[in-house]
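Chemist: Encoded as structure tokens, here's the structure I'll be asking about.
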Amino acid sequence: MPSGSRYRFRPATAADLPLLAGWLEEPHVRRWWGDPAEALAEIEQAMASRDTSPMIVEMDGRPIGYLQSYDPHLEADHPYRDQPVGTVGIDISIGIPELVGKGHGSAILRQFAGELFARGAVRIVIDPSPDNAPAIRAYEKAGFRHLDTRTSIYGPAHFMAMDPL
């Protein structure tokens, strides 16, 4: 089981686009992120935005996943603006199929949450599809709890939050 500070989070760059494109084609990613070309375009847009921080997750120096964080209060119509100021929203995907279901998602989220809380975040939210039971279990293992079910721009969302200990 992964533990400690085994992961590194670095900004995603244009040089990562081919890697991201490959991950977005993987069935376990495509199922939740949708059309790979559209998802890649959204990631590219996030790279150019000040509202979202797209990152590559590395394990022992090897890129293994994508993570992005955002402040829901920077968008006037964001559905999570009802959360406390200082809330950070996140999205995650493990890109390498053989690393899925091994505890990396929970471990990555615990480590990243610790870093966000150390920088002053007051709450972290995540919004998997209600049909994505493996992700929901991983997020619960990481310390997230279900708040409610909402509708995001992507459809129904199992809205979850983590607060600092």
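Chemist: Counting pairs of Cα atoms in region 51-165, how many percent are more than 23 Å apart?
Modeler: Tail fraction, whole percent: 25.
Chemist: Here's something else I'd like to know. Once the principal axes of the Cα atoms of region 75-138 are found, what is the range along each, listed largest first in whole angstroms?
Modeler: Rounded to whole Å, the extents work out to 38, 28, 17 Å.
Chemist: Here is a further query. Residues with beta-carbon under 14 Å from that of ALA157, excluding ALA157: net charge, scoring Lys, Arg +1 and Asp, Glu -1?
Modeler: Charge balance near ALA157 sits at -4.
Chemist: Still on this structure, I have one more. Within region 1-101, list the trypsin sites (Lys or Arg not before Pro) lying in a DSSP loop whose Cβ has at most 12 other Cβ atoms in a 10 Å radius.
Modeler: Qualifying residues, ordered by number: ARG50.
Chemist: Would you mind counting up the charge near PRO27? Only other residues with Cβ under 14 Å from its Cβ, with Lys and Arg at +1 and Asp and Glu at -1.
Modeler: After counting each charged neighbour, the total is -2.
Chemist: Further, regarding this structure: Can you tell me which of 123-129, 18-24 comes out highest on packing, and rank the rest after it, using the mean Cβ neighbours within 10 Å?
Modeler: The most tightly packed comes first, giving 123-129, 18-24.
Chemist: Got a sec to turn the phi values of region 38-52 into Karplus ³J(HN,Hα) couplings, 6.51 cos²θ - 1.76 cosθ + 1.60 with θ = phi - 60°, whole Hz, x for Gly and Pro?
Modeler: Coupling constants for region 38-52: 5, 5, 5, 4, 5, 5, 4, 4, 5, 4, 8, 8, 8, 7, 10 Hz.
Chemist: Once Rh for region 1-114 is found with the Kirkwood sum over Cα pairs, what is the Stokes-Einstein diffusion coefficient at 10 °C and 1.306 mPa s, in µm²/s?
Modeler: Stokes-Einstein gives a translational diffusion coefficient of 108 µm²/s.
Chemist: In angstroms, what radius of gyration and Dmax does region 110-165 have, counting Cα atoms only?
Modeler: 11.5, 32
Chemist: Please report the accessible area of ASP35 (heavy atoms, 1.4 Å probe, ligands and nucleic acids excluded) in Å², nearest 10.
Modeler: Probe radius 1.4 Å; accessible area of ASP35 about 70 Å².
Chemist: Students sometimes get this wrong: rank THR13, THR149 by accessible area, probe 1.4 Å, all chains present, largest first.
Modeler: Largest accessible area first, the list is THR149, THR13.
Chemist: A further question on this structure: With every protein chain kept in the model, how would you rank GLU98, GLU44 by accessible area, 1.4 Å probe, largest at the top?
Modeler: GLU98, GLU44
The values are calculated or read from the model by the stated rules, or taken from the named source; none is laboratory data. Please read these numbers as outputs of a predicted model, since none were measured by experiment. Cβ sites come from the backbone with ideal geometry, for glycine too, and all protein chains shown count toward neighbours. Ligands, DNA and RNA are excluded from the accessible area calculation, which covers all protein heavy atoms including side chains. Shrake-Rupley method; radii C 1.70, N 1.55, O 1.52, S 1.80 Å.
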